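Here the structure is laid out as structure tokens; the discussion comes afterwards.
The values are calculated or read from the model by the stated rules, or taken from the named source; none is laboratory data. Note that the structure is predicted; figures quoted are calculated from it, not measured. Please note: Cβ atoms are built from the backbone with ideal geometry, for glycine as well, and neighbour counts cover all protein chains shown. Quick note on the areas: whole protein, heavy atoms, side chains included, nothing else; ligands and nucleic acids left out. Shrake-Rupley method; radii C 1.70, N 1.55, O 1.52, S 1.80 Å.
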Amino acid sequence: SYDAAPVPVTLLSGFLGAGKTTLLKNVLEQTHVRQGEAPMKVAVLVNDMAAVNIDSQLVSNTRLLQREAKMVELHNGCICCTLREDLVKELGDLAAEGKYDAIVVESTGVSDPKEVAETFAVEVPEMGDAEGEGEGNAPQDWELESIHKALRGKSSLNEVARLDTCVTCVDVAAFDSNLATGKELQERFKGSADEGDDRGVAPLLMSQIEFADVIVLTKCDLLSAAEVAGVEGSVRALNPGAKVVRALQGDVTLSQVLRTGLFSMEKASMAPGWLQKMNDVAIPETEVYGIGSFVYKSRTPFHPLRLLNFMDDHFVVWMDDAQDDEAEGMESEGGANEVCALDAAGDGGAGAQDDAEAEEAERERDAKEKTARSRRAFGNIMRSKGYMWLAGRDAQMAEWSQAGAVGTFNCGGGWMSSLPPEFWPEEGTDIYARVMKDFAGPDIKDRRQEVVIIGQNLKQDAIVAALDACLLKKEDLVHRRGRSASVSENAWMLDVQGLEDPFPHWPELSFD
């Protein structure tokens with residue numbers, strides 16, 4: 001059994017070249033040169049042992065373990081190198097040695113820290129439960145016997161090695177270009193990302209920033225002071241609760257990244273600036289550098305065709321092709337349709353490779369053109385996220401999530417007004433009160449447009465006007481079926497039929 005206090009773990013994230021290894025080397029060297037204090041004993045899990053080239057005399061109290069990435073398919077279909085099962089075993093074994101003050105896990109450059117963090121909270125069922133059917137939520141393909149051995153009788157990794165701090169390194173010199181690209185990870189980080197990893201560069205950068213407790217801005221010497229301040233202001237708006245540190249050659253102090261006690265999953269889930277803005281929490285806005293935000297709201301549905309045309313004019317739009325692939329000409333989730341088409345078209349020879357490279361270049365040109373068009377019209381929209389109501393789709397909301405050049409548009413589930421009573425919170429509770437705040441009358445109920453927009457030098461009036469132009473108008477219903485306007489003032493917006501709707505089909509709500 002394991003009875004000692006959990007060892008605090010720092011998770012280090014960031015793109016390849018963002019400075020993770022430099023920061024790690026600096027931290028390790030500091031653990032052995034502490035004025036007036038005993039050296040700190042730190043265990044480190046790294047992806048490339050050779051990259052952490054530190055004098056052996058300086059790491060006599062440090063244990064370096066190299067791990068090889070294990071590809072796992074996550075619940076949302078993404079491929080991510082997160083070592084979920086192996087991470088539990090390795091950290092459990094390290095904690096059981098009882099001699100480390102802290103552990104640092106260097107994640108791969110293409111990993112999402114949220115996915116790694118969730119591993120710490122996985123509950124492992126007790127041995128003897130038939131088919132692992134007892135209490136627990138561990139993936140079915142985990143080797144429970146070895147997991148139990150590593151955890152020494154505990155049910156989760158957090159009980160032996162507690163996630164303490166999530167640190168993300170952000171390369172300020174590459175910040176703008178990483179947001180402006182439409183590339184997938186497998187294209188941007190060849191050799192680091194797995195072939196077939198069709199997640200986008202900009203969305204992953206946004207995830208790494210929004211989930212961090214500490215954001216380390218690296219390569220600040222490559223930009224002017226004003227440019228660095230602009231990036232810092234952007235990062236603070238994207239994650240208002242994170243501590244932001246500027247670093248040259250990884251020069252952070254141990255107290256900034258080790259044993260901080262900053263991480264909690266509840267806090268991390270509420271950390272993104274877009275969510276705080278939606279919840280009416282003020283987020284940092286640096287007027288001198290043009291950083292600002294606002295919430296677009298409306299109680300009129302969008303005309304599907306006009307909305308899609310607007311999105312496609314200004315962003316690379318990805319939609320979940322698992323819903324349907326009716327939206328021809330649009331990139332599906334991560335461009336997966338195009339990859340599949342290339343795989344099927346040839347035998348993987350030089351011709352197929354040339355075609356793939358040509359298509360990649362064409363998509364990147366398209367992304368740059370759309371980004372330039374968007375910035376001319378609206379300023380630099382770095383992040384937008386929220387809920388949308390499409391005319392003719394009254395039961396379910398759309399969920400829009402944009403990071404830089406890339407926006408994803410998918411079904412977000414049913415509006416509360418579409419759900420049966422058993423799915424509602426108890427009347428009189430705070431959650432019930434928050435739900436009712438979103439209601440606006442007996443017809444519209446909680447259907448709405450509510451999108452947070454964060455950016456630099458935003459032209460709010462132009463953005464609002466462009467989105468308003470996408471809203472449904474009464475004249476759109478001429479010769480089309482819809483509720484009579486005489487029923488009530490807003491009834492014309494409901495049960496609209498016959499509009500051209502190019503978005504993928506959404507499955508019907510099911511409550512089985």
Task: Among (1) of a type outside the set (A, V, I, L, M); (2) closer than 30 Å to residue 21 by Cβ; (3) modelled with pLDDT of 90 or more, the one test that residue 309 misses - done: (2)
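Within the stretch 171-202, which residues are over 21 Å from residue 381 (Cα atoms) and among the hydrophobic types (A, V, I, L, M, F, W, C)? So that I can check it myself, show each step before the final result.
Within the stretch 171-202, the first condition is being over 21 Å from residue 381 (Cα atoms), and the residues that meet it are 185-198.
Within the stretch 171-202, 185, 189, 193 qualify.
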Task: Within the stretch 371-415, considering residues that are part of a helix (DSSP H, G or I) and in contact (Cβ under 8 Å) with a residue 60 or more places away in the chain, the one most open to solvent (accessible area, probe 1.4 Å) - done: 373
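When the residues of the stretch 1-19 are filtered to those that are closer than 21 Å to residue 90 by Cα and at pLDDT below 90, which remaining residue is least open to solvent (accessible area, probe 1.4 Å)?
Of the residues in the stretch 1-19, the ones closer than 21 Å to residue 90 by Cα are 1-13.
Among the residues that remain, those that are also at pLDDT below 90 are: 1-5.
Numbers: 1: 125, 2: 20, 3: 131, 4: 58, 5: 77 Å².
Among those residues, the one meeting the criterion is 2.
Could you list, in sequence order, the residues of the stretch 187-216 that are hydroxyl-bearing (Ser, Thr, Tyr) and at pLDDT below 90? Explain how you work it out, then say what you get.
Going through the stretch 187-216, the residues hydroxyl-bearing (Ser, Thr, Tyr) turn out to be 192, 207.
Within the stretch 187-216, just 192 meets the criteria.
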Open item on the list: Looking at the stretch 445-492 only, could you name the residues that are under 28 Å from the mean Cα position of the chain (by Cα), open to solvent by 70 Å² or more (accessible area, probe 1.4 Å) and at pLDDT below 95?
Closed with: 457
- [ ] Report whether or not residue 177 is touching a strand residue (DSSP E or B) at 6+ places or on another chain (Cβ under 7 Å), modelled with pLDDT of 75 or more and closer than 30 Å to residue 367 by Cα.
- [x] no
TODO: Please state which one of 420, 442 is open to solvent by 30 Å² or more (accessible area, probe 1.4 Å), over 14 Å from residue 384 (Cα atoms), modelled with pLDDT under 95 and over 25 Å from the mean Cα position of the chain (by Cα).
DONE: 442
Task: Residue pairs meeting the criteria (Cβ under 8 Å; at least 6 apart or on separate chains; first aliphatic (A, V, I, L, M), in the stretch 7-25; second open to solvent by 20 Å² or more (accessible area, probe 1.4 Å)) - done: 7/100; 7/101; 7/162; 9/162; 16/192; 18/171
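Per-residue answers, yes or no, for (1) assigned to a loop (DSSP other than H, G, I, E, B); (2) acidic (Asp, Glu); (3) open to solvent by 10 Å² or more (accessible area, probe 1.4 Å):
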residue: 198; (1), (2), (3): yes, yes, yes
residue: 244; (1), (2), (3): no, no, yes
residue: 249; (1), (2), (3): yes, no, yes
residue: 276; (1), (2), (3): no, no, yes
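For the stretch 157-187, how many residues meet the condition of being under 20 Å from residue 211 (Cα atoms), more than 18 Å from the chain's Cα centre (by Cα) and among the hydrophobic types (A, V, I, L, M, F, W, C)? Please lay out each step first, then the result.
To start, the set of residues in the stretch 157-187 that are under 20 Å from residue 211 (Cα atoms) comprises 157-158, 161-172, 174-176, 178-179, 185.
Now narrow it down to the ones that are more than 18 Å from the chain's Cα centre (by Cα): 157-158, 161-164, 172, 174.
Next, only the ones that are among the hydrophobic types (A, V, I, L, M, F, W, C) stay: 157, 161, 163, 172, 174.
The qualifying residues number 5.
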Open item on the list: On the basis of being under 26 Å from residue 260 (Cβ atoms) and among the charged types (D, E, K, R), does residue 210 make the cut?
Closed with: yes
Task: Failed criterion for residue 435 (all others in (1) modelled with pLDDT of 90 or more; (2) surrounded by 14 or more Cβ atoms within 10 Å (Cβ to Cβ) hold) - done: (1)
TODO: Considering (1) outside any strand (DSSP E or B); (2) aliphatic (A, V, I, L, M); (3) within 25 Å of residue 311 (Cβ to Cβ), say which one residue 453 fails and leave the rest.
DONE: (1)
Task: residue 425 vs. criteria in contact with a helix residue (DSSP H, G or I) (Cβ under 7 Å, 6 or more places away or on another chain) and without any contact (Cβ under 8 Å) to a residue 12 or more places away in the chain - done: yes
Open item on the list: Can you report the number of residues in the stretch 180-196 which are surrounded by fewer than 22 Cβ atoms within 10 Å (Cβ to Cβ), in contact with a strand residue (DSSP E or B) (Cβ under 6 Å, 6 or more places away or on another chain) and not in a loop (DSSP other than H, G, I, E, B)?
Closed with: 0
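Can you tell me which residue among 89, 114, 99 is of a type in the set (D, E, K, R), modelled with pLDDT of 55 or more and assigned to a loop (DSSP other than H, G, I, E, B)? Break it down stepwise before answering.
On the way: 89 fails: assigned to a loop (DSSP other than H, G, I, E, B); 114 fails: assigned to a loop (DSSP other than H, G, I, E, B).
99 is the lone residue from the list that is of a type in the set (D, E, K, R), modelled with pLDDT of 55 or more and assigned to a loop (DSSP other than H, G, I, E, B).
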- [ ] Identify the single condition in (1) outside any loop (DSSP other than H, G, I, E, B); (2) over 28 Å from the mean Cα position of the chain (by Cα) that residue 498 does not satisfy, given that it satisfies every other one.
- [x] (1)
Task: Sole residue being open to solvent by 30 Å² or more (accessible area, probe 1.4 Å) and on the phi < 0 side of the Ramachandran plot, chosen from 295, 235, 316, 231 - done: 295
